[in-house]
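Take a look at the structure below.
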Amino acid sequence: MNVLYIINSTEWIHPLIRDEILFFIKHDINIHIYIINSGENDRDNLDIENVIIINNHLQATKILNKIRYTINLLFHIKYLKFVGASTIKSLGKVFSYIKTQRINIIKNHFINNASIQACFLAKITGITLFVTGHNTDLLSRTDKELKHIIRESSYFHTISKTNQKYLQNRFPFLASKIHYHYIGISIYSKFKYKYKKIKYPIRLISVGWPIPAKGYEYLIKACDFLNRSDVKFICKIVGGNDSGSEKKELIRLVDFYHLSDKVILTKRLEHQAVLEELQNSDIYIQSSISEGIPVSLLEAMSYSLPIITTNLPGICEFMENDRSAVIVPEKNPSAIAAAVQKIFASESLQRRISKEAYKIVTTLFDQNQNMMKIFSIIKSVK
């Protein structure tokens, strides 16, 4: 079986997509990838063996395929308004590649321009299309675009019950086409639950891109509360590009509150380095104001870290306050600071929430189990 991923850029090869690709390769599925915004370092960014990046293999469309493509365009001319005339020539080459390589399935993650092009190619080739929507990508698309993508997908799913319900309420006439499957991680399988007593200085950590949705400004302000309360701590915010405007604003906040010796903003780290940071931390903080189900949160749970998280629906569908996490209102720095002190002050709370969080991640987010569900659906395609 041949599966073609259509993505925007390998910079957006999310760990979830990478793990999915590796899982499919392990189960004898041939993986091809078409990158919309292709760059010179695509192979380095991808860093997965036995994958064909088709941008380097696209050739001038053969006469027969050019005729087929033109005929299909005439039959589906109304779809040109979604992809735009400028992409027609390049998609013609992809069309030819799909026919030549006998691609069985087109797959797309995160709703974006690549999703629109995936829908178009699936329509004119008649190939099965699987699309996965995550969270902020769903919120950022217009009704017209999202409705089109869901309608044209052979199988559309998102990563939480909350997202499924949101989309079904938004598009009730498409409710039966909208499914959900939890994501999964593999890291936890290497470890057993292990409680570790928190001592001064408290090592706080959060992982993610420094974008407004992550709520890092509120985390930094929470650190100011802790500092003024004479709490001894170190807070690491891991990830992101140092040259981005959002990162620069966070650096400005750290300087404003005189926290340069308390709050460390790291650059984007390799996955293994992130895991090492988690392993050497005491409390994980998810300060987001908009979020799906963050991989870093699940990985922190797998390392038996006590969790502080904002009360976002996607997370709260499987986390319970004072049972598996300390849940705080979003945009509330004082509540985050109070939660840190609450966890530090109670060894029984530390044990309870870390153990329950570990149980949740190993039960609901087993990568092999969750990937096998998607794999079985894909294998059913003839």
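A few points about this structure:
- Per-region count, segment 264-273, residues among the hydrophobic types (A, V, I, L, M, F, W, C) and in a loop (DSSP other than H, G, I, E, B): 1
- Residue check, Ser288 surrounded by 20 or more Cβ atoms within 10 Å (Cβ to Cβ), at pLDDT 95 or above and part of a strand (DSSP E or B): no
- At least 1 residues being in the same structural domain as Lys221 (by TED's automatic domain parsing), modelled with pLDDT of 95 or more and more than 19 Å from Ile285 (Cβ to Cβ) is the threshold, and among the helices (runs of 4 or more DSSP H) wholly inside segment 307-382 those reaching it are 347-364.
- Within segment 120-133, the set of residues being in contact with a strand residue (DSSP E or B) (Cβ under 7 Å, 6 or more places away or on another chain) and either not assigned by TED's automatic domain parsing to the domain that holds Tyr155 or not in a strand (DSSP E or B) (or both) comprises Leu121, Ala122, Ile127.
- Some residue of segment 86-95 being outside the structural domain of Pro313 (by TED's automatic domain parsing), touching a residue at least 40 places away in the same chain (Cβ under 8 Å) and in contact with an Asp or Glu (Cβ under 6 Å, 6 or more places away or on another chain): no
- Looking at Gln350, Gln369, Gln341, just one residue is among the polar types (S, T, N, Q), surrounded by 18 or more Cβ atoms within 10 Å (Cβ to Cβ) and touching a residue at least 24 places away in the same chain (Cβ under 8 Å), and that residue is Gln350.
- Options Asp242, Asp255, Asp261: the member that is at pLDDT 95 or above, of a type outside the set (Ser, Thr, Tyr), in a loop (DSSP other than H, G, I, E, B) and surrounded by fewer than 15 Cβ atoms within 10 Å (Cβ to Cβ): Asp261
- Flag for Lys221 being closer than 27 Å to Leu364 by Cα, over 20 Å from the mean Cα position of the chain (by Cα) and in contact (Cβ under 8 Å) with a residue 60 or more places away in the chain: no
- Of the residues making up segment 125-135, those that are touching a helix residue (DSSP H, G or I) at 6+ places or on another chain (Cβ under 6 Å) and either surrounded by fewer than 20 Cβ atoms within 10 Å (Cβ to Cβ) or without any contact (Cβ under 8 Å) to a residue 24 or more places away in the chain (or both) number 1.
- The residue list Gln164, Gln117, Gln168, Gln101 contains one member that is in contact with a Leu (Cβ under 7 Å, 6 or more places away or on another chain) and assigned by TED's automatic domain parsing to the domain that holds His14, which is Gln117.
- Selection count where residues are touching a Phe, Trp or Tyr at 6+ places or on another chain (Cβ under 7 Å) and aliphatic (A, V, I, L, M), scope segment 275-292: 1
The values are calculated or read from the model by the stated rules, or taken from the named source; none is laboratory data. Small disclaimer: the values here were computed from a predicted structure and weren't measured. Backbone-built Cβ (ideal geometry, glycine too); neighbour counts: all protein chains shown.
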